[in-house]
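Here's the structure we're looking at; comments come further down.
Throughout, read-outs are computed from the coordinates displayed, never taken from laboratory work. Here the structure is a predicted model, which means the values were calculated and not measured. Positions of Cβ are backbone-derived with ideal geometry, glycine not excepted, and every protein chain shown enters the neighbour counts.
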Amino acid sequence: MSGFLTRLGARLDTRGGAAKMARFRSGWPAKATPQVKFHRTAKVQYRYLEAGSGPTIVFTCDPPMTIEVYGPLVAVFERQFRVIAVELPAMGFSAATGDYGFGFRETNDDLAGFLRAVAGEGSIFAFSCAASLAALDIAARMPELASHLALIQAGGTEAFAIWKAGRDPKGILAKPVLGQIAMARMAPKRMPQWYGLSVGRKKQIPHFCACAERSFAEGAMWSLASAYQIYMSQRDELPRPPQPILSMWGASDRSHPARNEHSLARLYEGVRTVTFDDLGHTPELEAPERVLAEVRSFVATG
């Protein structure tokens, strides 16, 4: 029964996928931000932004963030990089089909298909938060896709089990169907609280909230319950990928427990660490110039 309920809960987050894909391609998500594109894989229609030229760096949008808040980052990074910012499956405006079940390997393989087709080989993976697990897995199994891993608020599977328990202490989001219904109802209300907890530069919170409110009004998704229940059920730690790894950490992020800071450096050998004491969960958005400097130095010496 639990397996049936888990699958049913996931279907709540992917229902109407084909209609969403068509609506997103022709509606507000296609027009709100310049240089937005869509790419269809077997299970997901990814919404992404591409700008600049040079070595490719791929950022994953960490929901409830959508591409709409990435303008300042792109303006900084596109001077030296080909920048891709992509919304993850069933997050933001990357609609998924009913065949998509949020599985760990399933998600990573589909995302790898996007990376291979759009980013090409040898990209810098600048994945954030739980998406760092995808970066580690893809880079280890398909090393040709990544040259460097410049990960943000990253950790191994144990670190994210700790994070998940802290963010859902009553276990509501962990319950199939109930978690999806609760998330759909409380996502817009939870968003200001989330930013207040996670953002280091508080003056940026009104802008982040305004962008997220508009995105939610236009149909943006935040399928956190399905990610909790299925994607983040991965238990075994992942093997260390062969690429150089940079762990960037915003120490003013109160959504992550302090003991998770740079846990990748305890898990793997040779991880370079950088701490931004005054920045939060998304240092790449709060101070893109500083993150650019660290990425440049890392790539040059990594």
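Computed from the Cβ-Cβ distance with R0 of 30 Å, the FRET efficiency linking residue 237 to residue 186 stands at 0.40.
If you take the beta carbon distance between residue 210 and residue 251 as r and set R0 to 25 Å, what does 1/(1 + (r/R0)^6) give as a FRET efficiency, to the nearest 0.05? Write down the numbers at each step before the final one.
On the way: r = 26 Å, r/R0 = 1.04.
Here the calculated transfer efficiency is 0.45.
Legend: calculated FRET efficiency, residue 79 to residue 4, from the Cβ-Cβ distance at R0 = 45 Å, rounded to 0.05, equals 0.30. Exposed loop sites here mean trypsin sites (Lys or Arg not before Pro) with a DSSP loop assignment and at most 12 other beta-carbon atoms within 10 Å; the chain contains its longest site-free run at 80-169. Could you pull out which residues in segment 143-187 have an amide N less than 20 Å from a spot 7 Å beyond the Cα of residue 301, following the Cα-Cβ vector? What the label zone holds, given the 20 Å backbone N cut-off, is 147-153.
Please go through segment 90-157 and write out the GluC sites (Glu not before Pro) that DSSP classes as loop and that have at most 16 other C-beta atoms within 10 Å. Each step should come with its number before you reach the end.
Working: sites: 106, 121, 144; in loops: 121.
Within segment 90-157, the qualifying GluC sites (Glu not before Pro) (loop, at most 16 other Cβ atoms within 10 Å) are 121.
Working out 0.36 nm times the residue gap between residue 32 and residue 277, then minus their Cα-Cα distance, what length gain in nm do you get to one decimal?
On the way: separation 245, 0.36 × 245 = 88.20 nm, distance 3.30 nm.
Extra length available between residue 32 and residue 277 comes to 84.9 nm.
Partner lysines whose Cα lies under 26 Å from the Cα of residue 170, excluding those fewer than 8 positions away in the same chain, are identified as 189.
Only one item in (i) 1.18; (ii) 0.97; (iii) 0.93 matches Rg/Rh (Cα atoms, Kirkwood Rh) derived from the coordinates shown, and that item is (iii).
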